[in-house]
Structures are given as structure tokens and as C-alpha cells.
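Here the structure comes first, spelled out in C-alpha cells, and everything after it is commentary.
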Amino acid sequence: MRQAQLFPVHSFAFSRYTCCAAGFDGPRTVLQLKMCPCHVESVYKETSVYKIGIEHCWAGGMNHCTTFVPHQDADSETPEHPAKCHRARVCALYACWIPFFLCGVFCFVYSLCVIIETLSIDRCADSIQLPVRSGCNGVDELCIKRYNDVSFATMHNAFANTQDGYFFAQHRGCMRSALVHGIRGFMLDVHMTKSRSLKLCHSACWMGSSSLHDTLQMFREFRRLNPREIVTIFIETGFDDHATVDDALKREFQLLLKESFDKSGLTPFLLEHTIAVDLWPTLSIMIEMNKQIVVIVNAESFCQGAIATWFHCQLHFVTQTKWGLATGKALTEACDMYPVWNHCYELTMINHFTNVGALGINTRSTGWFGSAFSVRVLEDVNRHPFLQDRVVSCSRCLGRFVNFVVVDFWESSGVVELTHVLNKNEAKLDTFPHRPDAAFCVNSTNTRDTLPRPSGCVAW
């Protein structure tokens, strides 16, 4: 008798049957047992005839995913279990290919939904010139209101949209169309690449990127064509392919970001507001001053001395509700604000989106399925009256006016209409700031009545 060796190979081990793909081809001196590979250490077993090798393959499971080459004496017998090896081979083929098949089905269905959703909306706007109208942001009554007393419809990860070329996009309509239809808040993830350039990327630039310079020029063009519109740009910083991010690199990021704004021609129109100033200007004053753009940056380095006074540190001005929630039910129970956000800040952001949006899934399309089969992660969170009820309830719960309502898939939501309701007080809310009402808090407890009053707050 001779010893046989099991040699490791590389593959994907999808199930306990992965090792059962036996390529039996009759009594020979060498029998090659071809496995669906995985990555294991070398395993050595003593075998003599095919029977032992075949049964070992059947019983081994994923612990022995190997290429098995048993040697046989010339006078050894034919294997006694060819049928079992055939079943093993069949089950292994299913184990290896079913996940790929299901993945292919998902990609096909997802692509089909993206195509249908994109075709159902207008093409990306060529012109961002609005009809001539009076007022501020299209409403006369808003002109006398201060910036922090106005509600703005806001796009979460605004650059990540299908019409601008992103596959797993969080919107179908582009930012140009969003401006035309009334979106006035835009969240941008600005990443510094290894080549020291700034791009708009979600998570990582290898997954897709777009031009920061072109985007800023778009905002400059919109301001030139529509000088009575107030727009807020939120910037979240990121660093691609940088093992360490030290203070020098953060400083370089600030310089590059400022340079990008300067080159776009947008800098002269950026509002400067300091913490020492008690009151935000009214929209009409911002328009008279030609300061129609507000830039808010979510990065600690900008809070410790930004190189430009028009970089507003988000941690100094904005408080917001939680994000990263999975279902609509979780949204209704989450009016709480993260402890890091100081509750006396004058700007309030309600994050109204779930995790599936980051995967490019529009719950407006999957809502019927989620409701019919109780799959809560697929239920439509942008639908009315759910969107308005949730935002208004959070406003009542917290006792705060909502300045930014942040959504995914703006084109299939009612976020613009909701901000009109908030700005005109059509929800019949008390005069802001109103007292928090625990009756609207559901399971949320992080209200201004339950928190210690932060130092520096003037009045609730």
C-alpha cells in the first residue's frame, strides 16, 4: 500500500457539500478528485483504495476541501460507491453555482428597476434657470425669516445619483434637476485621493467618483441665474489610500478645499457666520449681501481653526437625529439626537433615510413587496403621510424647528412639499421654538426636557 496526499487548493467554500465534487472516472492507477476549492492547510491521510478516498471525500465536509490524488496498487479493486460520488458531484455543483446564479438574478432585477425608475423621471436638466419670481426661495413670507427659521429640502449624498453615472446610487435624478425642483441642501462627500486631488466619492473613490470642481461651478451658475435662492452645502471629508491622517494632511485638505472653492468662483457668495454672532441673517439680507451660499463642514479639524471663515463647523452649528437605521419603524422610534451634537445649536437636521438606500434600493419601488410580505427593510419610507408624520412628530417631540429634512431618492419623495408645509406652518405647530411634547416621542427619550441644559444655551 502507498500513502496518498491531500493537497490544498483555492476556492469558495459555500456549503458543507463543497468537498463532494468527485470526478470519478473508473479504476485507474490515479483518481483525481476535483473539489470546489477553499483555502486550508495541507492535510495528509493514509489511504489505500478508492473506497477509502471516496468515503473520506463524502464525510470530510468543508474541513477537507482539497484535491485528492490517491495512489493505488495495480491489484486493488474498483470503488464500491460510484453512485455516492455521483451524488456528491451534483451537490457540489449546486453549492458552487447557486450563489453566483442568485447574485446574477439580483443584479438583473436591480438593473431593471434602476432603468425603469430612471426612465420614469425627466432627463437631467440642461438649464437650471428658474422662472422669474419674487420672494426668497420662491416664497415672499420667507424673506423676513432668519436662516435658522427656514426649512430646506436636502439630498443625502447628493452626488451619488444614477443620471450622473453612479450604479449603486442613492438618487435617480441629478443635482441639476434637484435644484430646479426645489432641493436646497446638498450633502457632498469630498475625498482626498492618493494623488492629492479632491473628488466626490461615496465610501471609496474606486467605487465611483465625480468632479468637485464641476459641482461647485454648477452652484455658482445656479446662484448667478437665480440670485434669490438660498442653498446650503454640507461637506463630509474623507481620505482614500492614506494609512495615517495626521494634522499636516488635514491642513493640506483644507487648503485644497479652499482652493477648489476659489477656482470655481463661488467664494465671493459664501456667507460668514461666527458663533459670537447671536442671530443668523434673514434671507432677504443674505440676498442683498450677495451671500446666498452656506457651507457647513463635518470634520473636527475645521472646528479647531478653519483657514476660511466661511467654513462652518457642523459640530458648532447643527444638531441632528440618528442615521444608519434599517426600517421605517426604526425611524419613527428615533427622534433622538446623538450625544455629540449640542442641543442648543440653532440648526436642526432630521435624517430620514434607511440603510438600504446606500445599496441603491429605492423603497418607493419595493414598498408594495415590503408591505405585502412584512419585509420592513423594503417598506417605503418616502411615502406620504409617513414622511410628514415622522418629521412633524420629531419636531414636536424635540421642541425644535426642522431646518434640514434629509432624504434619499428625492425625486420619488415628498420632501419639497413637506418643507413648504413646515415653512408655512401648515402643520399647525405652535410658534417655534415650542416646548417638547413627550406624547410625540414614541420610544425616543433624548429630548430637551430629559437632558441637562447645556452651558451657553440662552433659552429653550
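Observations on the model:
- Val114 being modelled with pLDDT of 80 or more, among the aliphatic types (A, V, I, L, M), surrounded by 13 or more Cβ atoms within 10 Å (Cβ to Cβ) and assigned to a helix (DSSP H, G or I): yes
- Which listed residue, of Ile275, Ile296, Ile307, Ile350, is touching a residue at least 40 places away in the same chain (Cβ under 8 Å), more than 20 Å from Arg146 (Cβ to Cβ), of a type outside the set (Phe, Trp, Tyr) and assigned by TED's automatic domain parsing to the domain that holds Thr193: Ile307
- Unique residue being modelled with pLDDT under 90 and either among the acidic types (Asp, Glu) or touching a Ser or Thr at 6+ places or on another chain (Cβ under 8 Å) (or both) when the list is Thr354, Thr363: Thr363
- Test result for Glu141, touching a residue at least 60 places away in the same chain (Cβ under 8 Å) and either in the same structural domain as Leu347 (by TED's automatic domain parsing) or under 27 Å from His242 (Cβ atoms) (or both): yes
- Going through (1) under 21 Å from His213 (Cα atoms); (2) touching a residue at least 24 places away in the same chain (Cβ under 8 Å) one by one, Lys291 falls short only on (2).
- For segment 258-302, a residue qualifies if it is within 26 Å of Ala248 (Cβ to Cβ), under 27 Å from the mean Cα position of the chain (by Cα) and β-branched (Val, Ile, Thr), and the qualifying residues are Val295, Ile296, Val297.
- In segment 207-224, the residues that are within 25 Å of Val132 (Cα to Cα) and in contact (Cβ under 8 Å) with a residue 24 or more places away in the chain form Cβ pairs under 6 Å with partners that are of a type outside the set (Gly, Ala, Ser) and in a helix (DSSP H, G or I), at six or more places apart or across chains, as follows: Phe222/Leu179; Arg223/Phe269.
- Residue check, Thr445 within 18 Å of Leu325 (Cα to Cα) and either part of a loop (DSSP other than H, G, I, E, B) or modelled with pLDDT under 85 (or both): yes
- Hits in segment 383-415 (condition: surrounded by fewer than 18 Cβ atoms within 10 Å (Cβ to Cβ) and in contact with a helix residue (DSSP H, G or I) (Cβ under 7 Å, 6 or more places away or on another chain)): Arg383
- Odd one out for Ile285 among (1) closer than 30 Å to Glu379 by Cβ; (2) not in a strand (DSSP E or B): (1)
Condition check ((1) crowded, with 23+ Cβ neighbours inside 10 Å; (2) basic (Lys, Arg); (3) in contact with a Lys or Arg (Cβ under 7 Å, 6 or more places away or on another chain); (4) within 27 Å of Ile121 (Cβ to Cβ)) across all residues:
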site: Gly138; (1), (2), (3), (4): no, no, no, yes
site: Lys145; (1), (2), (3), (4): no, yes, no, no
site: Ser151; (1), (2), (3), (4): yes, no, no, yes
site: Ala158; (1), (2), (3), (4): yes, no, no, yes
site: Asp164; (1), (2), (3), (4): no, no, no, yes
site: Met175; (1), (2), (3), (4): yes, no, no, yes
site: His202; (1), (2), (3), (4): no, no, no, yes
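- Taking (1) β-branched (Val, Ile, Thr); (2) under 27 Å from His181 (Cβ atoms); (3) in contact (Cβ under 8 Å) with a residue 24 or more places away in the chain in turn, Ile285 satisfies each apart from (3).
- Residue within segment 326-340 that is in contact (Cβ under 8 Å) with a residue 24 or more places away in the chain, in contact with a strand residue (DSSP E or B) (Cβ under 6 Å, 6 or more places away or on another chain) and farther than 20 Å from Met155 by Cα present: no
- Candidate set from segment 202-259 (those that are aromatic (Phe, Trp, Tyr) and assigned to a helix (DSSP H, G or I)); member that is nearest to Leu347 (Cα to Cα): Phe219
- Qualifying residue in segment 366-374 (condition: part of a helix (DSSP H, G or I) and either over 28 Å from Phe106 (Cα atoms) or touching a strand residue (DSSP E or B) at 6+ places or on another chain (Cβ under 9 Å) (or both)): no
- Qualifying residue in segment 314-326 (condition: within 23 Å of Arg220 (Cα to Cα), crowded, with 19+ Cβ neighbours inside 10 Å and modelled with pLDDT of 85 or more): yes
- Residue list for segment 365-382, restricted to those being surrounded by fewer than 17 Cβ atoms within 10 Å (Cβ to Cβ) and either small (Gly, Ala, Ser) or closer than 30 Å to Asn425 by Cβ (or both): Ser371, Ala372, Ser374
The values are calculated or read from the model by the stated rules, or taken from the named source; none is laboratory data. Source: prediction; values computed, not measured. Every residue, glycine as well, gets a Cβ built from its backbone with ideal geometry; the counts of neighbours run over all protein chains shown.
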